[in-house]
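Colleague: Shown below is the structure under consideration.
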Amino acid sequence: MNFTRIDTLEGMDVDGGPGARLRVVRERGEAFRREFATTGTPGSIVTRDLVTLPYPTRFGLFRASRAIAPFLSITNRMLVIRWHEGDRERILLFEPSDHEYGRYTPYFEDLSGRTPDVIERRMVKVHGTVPGHLERLGIAPEDVDYLMFDHLHTQDLRRWIGATPYFPNAKVIVQRDELAALTELHPLQKPWYQPDTYRDLPPEVFLPIDGSVVLGPGVAVIKTPGHVFGNQSLVVNTSTGIWVSSENVIAAEALTPEHSKLPGLASWTHRWQQEVVLNANTVETTADQYNSIILEKTLADRSQADPRFVQFFPSSELTGAWTNPGTKPTFSHRQIVH
């Protein structure tokens with residue numbers, strides 16, 4: 001694989017604690033932002049909605065929200081990214097979640113069991129499937145080169161890369177330390193993974209990486225630990241500038257909460273001198289997650305639609321719903337167009 005290691009983002013785990021690391025993250029992020037803009041742009045990027053589902057407000061907006069609704073809604077979306085490597089086109093699917101199998105994740109299976117069917121039907125909306133979207137885009141499964149997720153929470157990959165793989169030629173780009181963690185999960189991790197589903201997957205379908213790499217012109221994956229130890233974020237250079245995508249936060253305004261109209265966000269972050277609002281369903285290493293979000297914020301350009309917000313595209317984006325008062329986002333990206 002012709003991936004290029006991003007040396008600028010290596011060695012940021014300096015002495016002096018998380019505050020010292022935060023300073024280095026800002027400095028290195030600015031440097032890489034200038035470098036990355038020179039790598040070119042991919043051929044195209046399209047966004048496709050998969051599923052809207054409930055998610056606890058106390059997780060998605062950490063401690064900041066004053067909404068009365070115990071749940072908010074998030075919409076999981078897939079990005080289809082194409083670029084050329086010599087004479088060959090490469091295709092990357094970012095967040096191609098199999099939401100039918102994802103519902104068996106322990107946390108969501110338990111939540112579903114405690115939720116009346118009539119309420120669940122109102123709160124869960126399926127927009128499409130990965131195979132259906134690809135068929136409409138004219139992409140054959142055998143033409144997909146890479147699958148990538150910001151992290152493997154909820155993911156069951158057996159239909160995609162199992163014994164009879166839907167994507168026969170695809171490799172899963174994953175941080176090596178997250179893949180290793182699946183062999184012996186910590187109790188804090190167990191509600192969010194499906195480790196048994198990985199036991200029979202052939203090892204060769206995974207493409208483990210260590211740290212941050214450029215995949216192709218204007219396409220990179222950077223290591224952003226915190227939400228999980230092996231978290232990673234997609235960075236793309238587009239016709240509107242640089243975008244970053246992950247699930248470290250669930251709304252663009254979580255990176256500039258001073259402009260948020262969501263109840264509590266602006267006042268909470270001002271009171272506690274917090275620059276961002278984390279998506280914190282797991283608190284594996286909270287300070288590292290905070291620093292990773294600052295790296296993402298440093299890399300992303302300002303939105304052309306509303307420059308108060310940055311071009312951070314949550315892989316699961318906060319979505320307003322009448323069932324969840326106080327959780328309608330101030331601003332939504334909904335898609336990346338390139």
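The values are calculated or read from the model by the stated rules, or taken from the named source; none is laboratory data. No experiment lies behind these values; they were computed from the predicted model shown. Here the Cβ is made from the backbone with ideal geometry for all residues, glycine too, and neighbour counts use every protein chain on show. In case anyone asks, the SASA skips ligands and DNA or RNA and just uses the protein heavy atoms, side chains included. Shrake-Rupley method; radii C 1.70, N 1.55, O 1.52, S 1.80 Å.
Colleague: Please pick out the residue among Val277, Val249, Val283 that is surrounded by fewer than 16 Cβ atoms within 10 Å (Cβ to Cβ), touching a residue at least 60 places away in the same chain (Cβ under 8 Å) and closer than 13 Å to Phe62 by Cβ.
Modeller: Residue meeting the stated conditions: Val283.
Colleague: In this structure, does Thr319 turn out to be more than 25 Å from Gln189 (Cβ to Cβ), at pLDDT below 95 and not hydrophobic (A, V, I, L, M, F, W, C)?
Modeller: No.
Colleague: Let me ask something else about it. Filter segment 1-36 down to residues that are in contact (Cβ under 8 Å) with a residue 12 or more places away in the chain, within 14 Å of Asn291 (Cβ to Cβ) and not β-branched (Val, Ile, Thr) and give me whichever is most open to solvent (accessible area, probe 1.4 Å).
Modeller: Arg26
Colleague: If you don't mind, another one. Pairs, please: C-beta under 6 Å, at least 6 apart or cross-chain, first residue under 15 Å from Lys125 (Cα atoms) and β-branched (Val, Ile, Thr) and in segment 307-332, second outside any loop (DSSP other than H, G, I, E, B) and open to solvent by 10 Å² or more (accessible area, probe 1.4 Å)?
Modeller: Sorted first by the residue in segment 307-332, then by its partner, the pairs are Thr319/Thr52.
Colleague: Provide a single number: the residues in segment 114-139 that are in a helix (DSSP H, G or I) and open to solvent by 70 Å² or more (accessible area, probe 1.4 Å).
Modeller: Of the residues in that region, 7 qualify.
Colleague: Residues in segment 95-113 that are open to solvent by 60 Å² or more (accessible area, probe 1.4 Å) and under 30 Å from Val46 (Cα atoms): how many?
Modeller: 4
Colleague: Among the candidates Gly320, Gly326, which residue alone is surrounded by fewer than 23 Cβ atoms within 10 Å (Cβ to Cβ) and under 13 Å from Ile250 (Cα atoms)?
Modeller: After ruling out the rest, the residue left standing is Gly320.
Let's see how each residue does on (1) open to solvent by 20 Å² or more (accessible area, probe 1.4 Å); (2) out of contact with any Cys (no Cβ under 6 Å at 6 or more places or on another chain); (3) under 14 Å from His127 (Cβ atoms):
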position: Thr41; (1), (2), (3): yes, yes, no
position: Thr47; (1), (2), (3): no, yes, yes
position: Thr57; (1), (2), (3): no, yes, no
position: Arg63; (1), (2), (3): yes, yes, no
position: Ala67; (1), (2), (3): yes, yes, no
position: Asn76; (1), (2), (3): no, yes, yes
position: Arg90; (1), (2), (3): yes, yes, no
position: Leu93; (1), (2), (3): no, yes, no
